[in-house]
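Please read the structure below before turning to the comments.
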Amino acid sequence: MLRVGILLTHPTQYHSPWFQELAKRPQIEIKVFYCFQPDSQQQGLDFDVPFEWDIPLLDGYPSSFLKNVARSPGFNFFGCDTPEIRRIIASREFDAWIINGWKVKSDWQAMTSCWKNRIPMLIRGDSNLLDHKTLHLRAAKRLVLGRWIPRFNRYLTVGKLNEDFYEFYGANPSRFFPVRHFVDNDRFAQQATSARTRAAELKSKWGIPAGAVVFLFAGKFIDKKRPMDALLAIERVNAKGLKVHLLMTGDGKLRSELEEYTRRNQLPVSFSGFLNQEAIAEAYACANVLLLPSGYAETWGLVVNEAMSCGIPAIVSDRVGCGPDLVKHGKTGFIFPVGNIETLAEAVTLYAKDLSLAKSHGENARQQIQNYSIGAAVDGSVAALESMELSK
(Lines give C-alpha, C1' and ligand atoms only; values in the text may rest on other atoms or scores of the structure.)
Protein backbone atom coordinates (compact mmCIF):
# COMPACT_ATOMS: atom_id res chain seq x y z
CA MET A 1 0.00 0.00 0.00
CA LEU A 2 1.29 3.47 -0.93
CA ARG A 3 1.31 6.01 1.86
CA VAL A 4 0.65 9.50 0.51
CA GLY A 5 0.87 12.84 2.31
CA ILE A 6 -1.08 15.77 0.89
CA LEU A 7 -0.46 19.45 1.69
CA LEU A 8 -3.13 22.12 1.24
CA THR A 9 -3.44 25.62 2.67
CA HIS A 10 -6.95 25.16 4.12
CA PRO A 11 -10.07 23.00 3.75
CA THR A 12 -12.08 23.82 0.61
CA GLN A 13 -15.38 22.67 -0.81
CA TYR A 14 -13.66 21.68 -4.06
CA HIS A 15 -10.83 19.54 -2.66
CA SER A 16 -12.62 17.60 0.07
CA PRO A 17 -14.58 15.31 -2.30
CA TRP A 18 -11.27 14.37 -3.96
CA PHE A 19 -9.74 13.43 -0.63
CA GLN A 20 -12.84 11.51 0.45
CA GLU A 21 -12.73 9.35 -2.69
CA LEU A 22 -8.95 8.89 -2.56
CA ALA A 23 -9.34 7.58 0.99
CA LYS A 24 -11.62 4.83 -0.32
CA ARG A 25 -9.04 3.41 -2.73
CA PRO A 26 -7.53 0.23 -1.24
CA GLN A 27 -4.11 0.61 -2.88
CA ILE A 28 -3.27 3.91 -1.15
CA GLU A 29 -3.41 5.41 2.31
CA ILE A 30 -3.64 9.20 2.52
CA LYS A 31 -3.41 11.91 5.12
CA VAL A 32 -4.10 15.57 4.40
CA PHE A 33 -2.17 18.30 6.21
CA TYR A 34 -3.70 21.77 6.37
CA CYS A 35 -1.80 24.96 7.11
CA PHE A 36 -4.63 26.85 8.80
CA GLN A 37 -8.39 27.00 9.31
CA PRO A 38 -9.91 30.27 8.04
CA ASP A 39 -12.43 32.01 10.26
CA SER A 40 -15.68 33.36 8.85
CA GLN A 41 -14.12 36.75 8.08
CA GLN A 42 -11.23 35.21 6.15
CA GLN A 43 -13.57 32.81 4.35
CA GLY A 44 -15.66 35.75 3.19
CA LEU A 45 -12.69 37.67 1.83
CA ASP A 46 -13.60 39.47 -1.44
CA PHE A 47 -17.26 38.54 -0.95
CA ASP A 48 -17.40 41.16 1.85
CA VAL A 49 -19.71 38.74 3.67
CA PRO A 50 -18.47 36.59 6.59
CA PHE A 51 -19.56 32.97 6.24
CA GLU A 52 -18.64 29.36 6.85
CA TRP A 53 -19.24 26.62 4.29
CA ASP A 54 -22.46 24.75 4.99
CA ILE A 55 -21.16 21.34 3.89
CA PRO A 56 -18.70 19.18 5.88
CA LEU A 57 -15.13 19.58 4.65
CA LEU A 58 -13.20 17.32 7.05
CA ASP A 59 -15.34 14.18 6.98
CA GLY A 60 -14.36 10.92 5.29
CA TYR A 61 -10.56 11.13 5.25
CA PRO A 62 -7.65 11.49 7.73
CA SER A 63 -6.41 15.03 8.24
CA SER A 64 -4.68 17.31 10.71
CA PHE A 65 -3.75 20.97 11.02
CA LEU A 66 -0.08 21.88 11.11
CA LYS A 67 1.25 24.40 13.61
CA ASN A 68 1.24 27.69 11.73
CA VAL A 69 3.88 30.07 13.13
CA ALA A 70 2.90 32.97 10.86
CA ARG A 71 2.22 36.20 12.71
CA SER A 72 -1.08 36.55 10.85
CA PRO A 73 -2.21 33.19 9.39
CA GLY A 74 -3.96 33.68 6.08
CA PHE A 75 -4.02 33.13 2.33
CA ASN A 76 -0.96 35.23 1.47
CA PHE A 77 2.56 33.84 1.02
CA PHE A 78 3.74 34.47 4.58
CA GLY A 79 0.35 33.57 6.08
CA CYS A 80 1.15 29.85 5.78
CA ASP A 81 4.41 29.13 7.61
CA THR A 82 4.56 25.55 8.92
CA PRO A 83 8.19 24.47 9.52
CA GLU A 84 7.11 21.14 11.03
CA ILE A 85 6.17 19.89 7.55
CA ARG A 86 9.90 19.48 6.91
CA ARG A 87 10.25 17.07 9.82
CA ILE A 88 7.15 15.11 8.80
CA ILE A 89 8.46 14.69 5.27
CA ALA A 90 11.96 13.79 6.43
CA SER A 91 10.54 11.08 8.72
CA ARG A 92 9.59 9.13 5.57
CA GLU A 93 6.26 8.19 7.07
CA PHE A 94 4.87 8.81 3.59
CA ASP A 95 6.15 7.34 0.32
CA ALA A 96 5.14 10.37 -1.73
CA TRP A 97 3.62 13.82 -1.36
CA ILE A 98 1.02 15.74 -3.33
CA ILE A 99 1.58 19.51 -3.11
CA ASN A 100 -1.21 21.77 -4.36
CA GLY A 101 0.73 24.66 -5.83
CA TRP A 102 3.57 26.94 -4.71
CA LYS A 103 1.82 30.13 -3.63
CA VAL A 104 2.60 30.03 0.11
CA LYS A 105 5.70 29.52 2.23
CA SER A 106 4.48 26.12 3.46
CA ASP A 107 4.48 24.82 -0.12
CA TRP A 108 8.16 25.74 -0.46
CA GLN A 109 8.99 24.22 2.90
CA ALA A 110 7.44 20.99 1.66
CA MET A 111 8.94 21.06 -1.83
CA THR A 112 12.48 21.75 -0.66
CA SER A 113 12.20 19.00 1.96
CA CYS A 114 11.00 16.50 -0.65
CA TRP A 115 13.88 17.42 -2.94
CA LYS A 116 16.41 17.29 -0.12
CA ASN A 117 15.22 13.89 1.11
CA ARG A 118 14.64 12.51 -2.40
CA ILE A 119 11.02 11.75 -1.70
CA PRO A 120 8.77 11.66 -4.79
CA MET A 121 6.49 14.67 -5.17
CA LEU A 122 3.46 15.26 -7.34
CA ILE A 123 2.42 18.83 -8.05
CA ARG A 124 -1.16 19.95 -8.66
CA GLY A 125 -1.55 23.64 -9.35
CA ASP A 126 -3.59 25.57 -11.89
CA SER A 127 -1.08 28.07 -13.30
CA ASN A 128 -1.34 28.97 -16.97
CA LEU A 129 0.17 31.41 -19.47
CA LEU A 130 -2.81 33.75 -19.77
CA ASP A 131 -1.22 36.57 -17.75
CA HIS A 132 0.39 38.13 -20.85
CA LYS A 133 3.58 39.29 -19.13
CA THR A 134 6.06 41.36 -21.12
CA LEU A 135 8.65 39.45 -23.14
CA HIS A 136 11.60 40.33 -20.89
CA LEU A 137 9.65 39.50 -17.71
CA ARG A 138 8.55 36.17 -19.16
CA ALA A 139 12.15 35.42 -20.19
CA ALA A 140 13.33 36.12 -16.65
CA LYS A 141 10.53 34.03 -15.22
CA ARG A 142 11.40 31.20 -17.57
CA LEU A 143 15.01 31.29 -16.38
CA VAL A 144 13.85 30.89 -12.76
CA LEU A 145 10.91 28.52 -13.17
CA GLY A 146 12.77 26.49 -15.77
CA ARG A 147 15.21 25.41 -13.04
CA TRP A 148 12.70 23.86 -10.62
CA ILE A 149 9.50 22.99 -12.49
CA PRO A 150 11.21 20.08 -14.33
CA ARG A 151 12.16 18.61 -10.92
CA PHE A 152 8.68 17.37 -10.02
CA ASN A 153 8.20 13.62 -10.33
CA ARG A 154 4.65 13.85 -11.68
CA TYR A 155 2.28 16.62 -12.72
CA LEU A 156 -1.41 16.27 -11.88
CA THR A 157 -2.68 18.54 -14.62
CA VAL A 158 -5.99 20.36 -14.20
CA GLY A 159 -6.49 21.26 -17.87
CA LYS A 160 -4.96 21.99 -21.27
CA LEU A 161 -3.63 25.46 -20.40
CA ASN A 162 -2.06 24.06 -17.26
CA GLU A 163 -0.23 21.45 -19.35
CA ASP A 164 0.94 24.19 -21.73
CA PHE A 165 2.33 26.08 -18.74
CA TYR A 166 4.34 23.14 -17.42
CA GLU A 167 5.67 22.25 -20.87
CA PHE A 168 6.66 25.87 -21.53
CA TYR A 169 8.83 25.80 -18.41
CA GLY A 170 10.55 22.54 -19.27
CA ALA A 171 8.37 19.79 -17.78
CA ASN A 172 8.37 16.39 -19.46
CA PRO A 173 4.86 15.72 -20.87
CA SER A 174 5.33 11.99 -20.28
CA ARG A 175 4.95 12.81 -16.59
CA PHE A 176 1.57 14.50 -17.06
CA PHE A 177 -1.47 12.78 -15.56
CA PRO A 178 -4.91 14.36 -15.98
CA VAL A 179 -6.47 15.26 -12.64
CA ARG A 180 -8.88 17.81 -14.03
CA HIS A 181 -10.64 20.49 -12.04
CA PHE A 182 -14.01 19.14 -10.98
CA VAL A 183 -17.00 19.66 -8.73
CA ASP A 184 -19.39 17.13 -7.28
CA ASN A 185 -21.38 16.83 -10.51
CA ASP A 186 -24.01 14.51 -9.05
CA ARG A 187 -24.70 16.72 -6.04
CA PHE A 188 -25.13 19.87 -8.10
CA ALA A 189 -27.30 18.11 -10.70
CA GLN A 190 -29.55 16.55 -8.07
CA GLN A 191 -29.93 19.76 -6.10
CA ALA A 192 -30.72 21.77 -9.23
CA THR A 193 -33.28 19.20 -10.36
CA SER A 194 -34.97 19.40 -6.95
CA ALA A 195 -34.89 23.21 -6.94
CA ARG A 196 -36.47 23.41 -10.41
CA THR A 197 -39.72 22.13 -8.91
CA ARG A 198 -39.78 25.50 -7.10
CA ALA A 199 -38.51 27.58 -10.02
CA ALA A 200 -41.59 29.79 -10.22
CA GLU A 201 -41.36 30.56 -6.50
CA LEU A 202 -37.63 31.26 -6.69
CA LYS A 203 -37.98 33.52 -9.72
CA SER A 204 -40.71 35.46 -7.97
CA LYS A 205 -38.47 35.90 -4.92
CA TRP A 206 -35.71 37.38 -7.08
CA GLY A 207 -37.98 39.44 -9.30
CA ILE A 208 -37.42 37.42 -12.44
CA PRO A 209 -40.42 37.77 -14.79
CA ALA A 210 -42.04 34.71 -16.30
CA GLY A 211 -40.87 33.96 -19.82
CA ALA A 212 -37.55 35.77 -19.54
CA VAL A 213 -34.36 34.07 -20.66
CA VAL A 214 -32.26 34.11 -17.50
CA PHE A 215 -28.52 34.74 -17.51
CA LEU A 216 -26.52 34.12 -14.35
CA PHE A 217 -23.40 35.75 -13.00
CA ALA A 218 -22.17 33.83 -9.95
CA GLY A 219 -19.06 34.90 -8.09
CA LYS A 220 -17.27 37.70 -6.31
CA PHE A 221 -18.14 41.24 -7.29
CA ILE A 222 -14.52 42.29 -7.73
CA ASP A 223 -12.55 43.87 -10.57
CA LYS A 224 -10.96 40.73 -12.00
CA LYS A 225 -14.37 39.06 -12.40
CA ARG A 226 -15.61 42.05 -14.48
CA PRO A 227 -19.25 41.83 -13.31
CA MET A 228 -20.05 45.17 -14.95
CA ASP A 229 -19.43 43.58 -18.35
CA ALA A 230 -22.38 41.27 -17.70
CA LEU A 231 -24.62 44.25 -16.92
CA LEU A 232 -23.49 46.14 -20.01
CA ALA A 233 -24.17 43.16 -22.26
CA ILE A 234 -27.65 42.65 -20.80
CA GLU A 235 -28.30 46.37 -21.24
CA ARG A 236 -27.56 46.13 -24.96
CA VAL A 237 -29.69 43.03 -25.47
CA ASN A 238 -32.56 44.49 -23.45
CA ALA A 239 -32.46 47.59 -25.65
CA LYS A 240 -33.27 45.35 -28.62
CA GLY A 241 -36.59 44.47 -27.02
CA LEU A 242 -35.61 40.90 -26.13
CA LYS A 243 -36.99 39.53 -22.86
CA VAL A 244 -33.90 38.80 -20.79
CA HIS A 245 -33.00 38.92 -17.12
CA LEU A 246 -29.66 38.84 -15.32
CA LEU A 247 -29.40 37.22 -11.90
CA MET A 248 -26.34 38.42 -10.00
CA THR A 249 -25.40 35.89 -7.34
CA GLY A 250 -22.59 36.77 -4.97
CA ASP A 251 -21.27 39.86 -3.25
CA GLY A 252 -18.22 42.07 -3.03
CA LYS A 253 -16.91 45.62 -3.09
CA LEU A 254 -18.50 46.44 -6.47
CA ARG A 255 -22.04 45.55 -5.42
CA SER A 256 -23.21 49.10 -4.64
CA GLU A 257 -21.86 50.34 -7.98
CA LEU A 258 -23.60 47.52 -9.84
CA GLU A 259 -26.89 48.10 -8.04
CA GLU A 260 -26.72 51.83 -8.69
CA TYR A 261 -26.09 51.27 -12.42
CA THR A 262 -29.01 48.85 -12.51
CA ARG A 263 -31.37 51.35 -10.85
CA ARG A 264 -30.23 54.31 -12.89
CA ASN A 265 -30.68 52.50 -16.20
CA GLN A 266 -33.73 50.44 -15.16
CA LEU A 267 -32.11 47.17 -16.20
CA PRO A 268 -33.70 43.72 -15.87
CA VAL A 269 -31.22 42.67 -13.20
CA SER A 270 -31.69 41.32 -9.69
CA PHE A 271 -29.25 40.51 -6.88
CA SER A 272 -29.61 37.38 -4.76
CA GLY A 273 -26.68 38.08 -2.43
CA PHE A 274 -24.17 35.42 -1.45
CA LEU A 275 -25.49 31.85 -1.68
CA ASN A 276 -23.72 29.03 0.14
CA GLN A 277 -23.18 25.54 -1.29
CA GLU A 278 -26.57 24.20 -0.25
CA ALA A 279 -28.39 27.20 -1.77
CA ILE A 280 -26.45 27.96 -4.97
CA ALA A 281 -28.38 25.27 -6.85
CA GLU A 282 -31.45 27.50 -6.53
CA ALA A 283 -29.74 30.04 -8.77
CA TYR A 284 -28.82 27.35 -11.30
CA ALA A 285 -32.42 26.13 -11.25
CA CYS A 286 -33.55 29.56 -12.45
CA ALA A 287 -30.80 30.12 -15.02
CA ASN A 288 -30.63 29.30 -18.71
CA VAL A 289 -27.06 30.49 -19.38
CA LEU A 290 -24.00 31.31 -17.24
CA LEU A 291 -21.90 34.42 -17.86
CA LEU A 292 -18.24 34.54 -16.77
CA PRO A 293 -16.56 37.62 -18.29
CA SER A 294 -13.45 37.49 -16.05
CA GLY A 295 -10.21 39.22 -16.90
CA TYR A 296 -6.76 38.43 -15.53
CA ALA A 297 -6.00 35.61 -13.09
CA GLU A 298 -9.10 33.48 -13.69
CA THR A 299 -6.97 30.36 -13.72
CA TRP A 300 -9.97 28.06 -14.19
CA GLY A 301 -13.50 29.11 -13.20
CA LEU A 302 -15.13 26.24 -11.28
CA VAL A 303 -18.49 27.98 -11.49
CA VAL A 304 -18.52 26.75 -15.11
CA ASN A 305 -18.23 23.15 -13.88
CA GLU A 306 -21.11 23.77 -11.48
CA ALA A 307 -23.34 25.27 -14.15
CA MET A 308 -22.59 22.58 -16.72
CA SER A 309 -23.34 19.82 -14.23
CA CYS A 310 -26.79 21.41 -13.99
CA GLY A 311 -27.19 21.40 -17.78
CA ILE A 312 -26.41 25.10 -18.30
CA PRO A 313 -24.13 26.38 -21.10
CA ALA A 314 -21.57 29.11 -20.44
CA ILE A 315 -20.39 32.28 -22.13
CA VAL A 316 -16.84 32.98 -20.95
CA SER A 317 -14.05 35.38 -21.83
CA ASP A 318 -10.86 34.17 -23.47
CA ARG A 319 -9.05 34.79 -20.17
CA VAL A 320 -10.98 32.08 -18.33
CA GLY A 321 -8.71 29.07 -17.89
CA CYS A 322 -11.35 26.37 -18.34
CA GLY A 323 -12.37 27.69 -21.76
CA PRO A 324 -10.30 25.32 -23.94
CA ASP A 325 -11.44 22.32 -21.90
CA LEU A 326 -15.10 22.97 -21.21
CA VAL A 327 -16.48 25.64 -23.52
CA LYS A 328 -16.73 24.27 -27.02
CA HIS A 329 -17.61 27.36 -29.04
CA GLY A 330 -21.09 27.04 -30.48
CA LYS A 331 -21.66 23.69 -28.77
CA THR A 332 -21.46 24.05 -24.98
CA GLY A 333 -21.35 27.84 -24.97
CA PHE A 334 -19.34 30.70 -26.45
CA ILE A 335 -15.93 32.29 -25.87
CA PHE A 336 -15.47 36.03 -26.45
CA PRO A 337 -12.48 38.41 -26.24
CA VAL A 338 -12.25 39.80 -22.73
CA GLY A 339 -13.73 43.28 -22.40
CA ASN A 340 -15.46 43.11 -25.79
CA ILE A 341 -18.99 43.96 -24.71
CA GLU A 342 -20.32 43.89 -28.27
CA THR A 343 -19.22 40.30 -28.87
CA LEU A 344 -20.48 39.26 -25.45
CA ALA A 345 -23.85 40.87 -26.21
CA GLU A 346 -24.00 39.04 -29.54
CA ALA A 347 -23.61 35.69 -27.76
CA VAL A 348 -26.27 36.69 -25.23
CA THR A 349 -28.55 37.67 -28.11
CA LEU A 350 -28.25 34.26 -29.75
CA TYR A 351 -29.60 32.58 -26.62
CA ALA A 352 -32.17 35.31 -25.98
CA LYS A 353 -33.65 34.79 -29.44
CA ASP A 354 -33.64 31.00 -29.29
CA LEU A 355 -34.10 29.33 -25.91
CA SER A 356 -33.92 25.92 -27.58
CA LEU A 357 -30.27 26.73 -28.41
CA ALA A 358 -29.55 27.19 -24.71
CA LYS A 359 -31.26 23.90 -23.95
CA SER A 360 -29.32 21.94 -26.58
CA HIS A 361 -26.03 23.55 -25.57
CA GLY A 362 -26.89 22.83 -21.95
CA GLU A 363 -27.35 19.15 -22.71
CA ASN A 364 -24.02 19.13 -24.55
CA ALA A 365 -22.45 20.80 -21.52
CA ARG A 366 -23.91 18.17 -19.20
CA GLN A 367 -22.28 15.46 -21.31
CA GLN A 368 -18.97 17.35 -21.55
CA ILE A 369 -18.65 17.81 -17.80
CA GLN A 370 -18.95 14.09 -17.11
CA ASN A 371 -15.28 13.77 -18.04
CA TYR A 372 -14.43 16.28 -15.30
CA SER A 373 -15.55 14.29 -12.30
CA ILE A 374 -14.36 13.23 -8.86
CA GLY A 375 -13.90 9.67 -10.09
CA ALA A 376 -11.78 10.73 -13.06
CA ALA A 377 -9.61 12.91 -10.79
CA VAL A 378 -9.05 10.04 -8.38
CA ASP A 379 -8.23 7.63 -11.23
CA GLY A 380 -5.63 10.06 -12.57
CA SER A 381 -4.11 10.56 -9.12
CA VAL A 382 -3.79 6.84 -8.45
CA ALA A 383 -2.36 6.20 -11.93
CA ALA A 384 0.29 8.88 -11.36
CA LEU A 385 1.27 7.40 -7.99
CA GLU A 386 1.42 3.83 -9.26
CA SER A 387 3.48 4.87 -12.29
CA MET A 388 6.36 5.77 -10.00
CA GLU A 389 6.63 2.20 -8.63
CA LEU A 390 7.16 3.45 -5.10
CA SER A 391 8.62 1.18 -2.48
CA LYS A 392 7.36 1.10 1.07
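Odds and ends about this structure:
- When region 346-379 is filtered for residues that are of a type in the set (V, I, T) and within 29 Å of Q27 (Cβ to Cβ), the ones remaining, listed by number, are I369, I374, V378.
- Residue within region 146-154 that is in contact with a helix residue (DSSP H, G or I) (Cβ under 6 Å, 6 or more places away or on another chain) and either within 27 Å of N371 (Cα to Cα) or hydrophobic (A, V, I, L, M, F, W, C) (or both) present: yes
- Filtered residues of region 33-63 (kept if among the polar types (S, T, N, Q) and either part of a loop (DSSP other than H, G, I, E, B) or in the same structural domain as P227 (by TED's automatic domain parsing) (or both)): Q37
- If the condition is being surrounded by 18 or more Cβ atoms within 10 Å (Cβ to Cβ), acidic (D, E) and in contact with an Asp or Glu (Cβ under 8 Å, 6 or more places away or on another chain), then region 227-279 contributes only D251.
Residue-by-condition table, conditions (1) in a helix (DSSP H, G or I); (2) closer than 20 Å to E298 by Cβ:
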{"site": "A70", "(1), (2)": "no, no"}
{"site": "G74", "(1), (2)": "no, no"}
{"site": "F78", "(1), (2)": "yes, no"}
{"site": "E93", "(1), (2)": "no, no"}
{"site": "M111", "(1), (2)": "yes, no"}
{"site": "D126", "(1), (2)": "no, yes"}
{"site": "K141", "(1), (2)": "yes, yes"}
{"site": "V144", "(1), (2)": "yes, no"}
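- The listed residues are G219, G170, and the only one of them that is of a type outside the set (A, V, I, L, M) and assigned by TED's automatic domain parsing to the domain that holds I123 turns out to be G170.
- Evaluating K224 against the criteria (1) touching a residue at least 60 places away in the same chain (Cβ under 8 Å); (2) surrounded by 18 or more Cβ atoms within 10 Å (Cβ to Cβ); (3) touching a Gly at 6+ places or on another chain (Cβ under 6 Å) leaves one unmet condition, (2).
- In summary, S16 fulfils each of the numbered conditions (1) surrounded by 16 or more Cβ atoms within 10 Å (Cβ to Cβ); (2) hydroxyl-bearing (S, T, Y); (3) within 14 Å of S106 (Cβ to Cβ) with the single exception of condition (3).
- Flag: L66 does not match the condition of being under 22 Å from N276 (Cβ atoms) and either aliphatic (A, V, I, L, M) or surrounded by 21 or more Cβ atoms within 10 Å (Cβ to Cβ) (or both).
- One residue from I30, I88 being in the same structural domain as D126 (by TED's automatic domain parsing), touching a residue at least 40 places away in the same chain (Cβ under 8 Å) and among the β-branched types (V, I, T): I88
- Close pairs (6 angstrom Cβ cut-off, 6 or more residues apart or separate chains): closer than 25 Å to A199 by Cβ and at pLDDT below 95 in region 235-247, surrounded by fewer than 17 Cβ atoms within 10 Å (Cβ to Cβ) and among the aliphatic types (A, V, I, L, M) anywhere: none
- Of the candidates E163, E201, the single residue that is free of Cβ contacts under 8 Å to residues at least 40 places away in the same chain and closer than 27 Å to A358 by Cβ is E201.
- Region 1-32: number of residues that are assigned to a strand (DSSP E or B) and basic (K, R): 2
- Top-ranked residue in region 360-392 [being modelled with pLDDT of 95 or more, out of contact with any strand residue (DSSP E or B) (no Cβ under 8 Å at 6 or more places or on another chain) and of a type in the set (S, T, Y); ranked as surrounded by the most Cβ atoms within 10 Å (Cβ to Cβ)]: Y372
The values are calculated or read from the model by the stated rules, or taken from the named source; none is laboratory data. A quick note: this is a predicted structure, and the numbers were derived from the prediction, not measured. In this analysis, Cβ positions are derived from the backbone assuming ideal geometry, glycine residues included, and neighbour counts consider all displayed protein chains.
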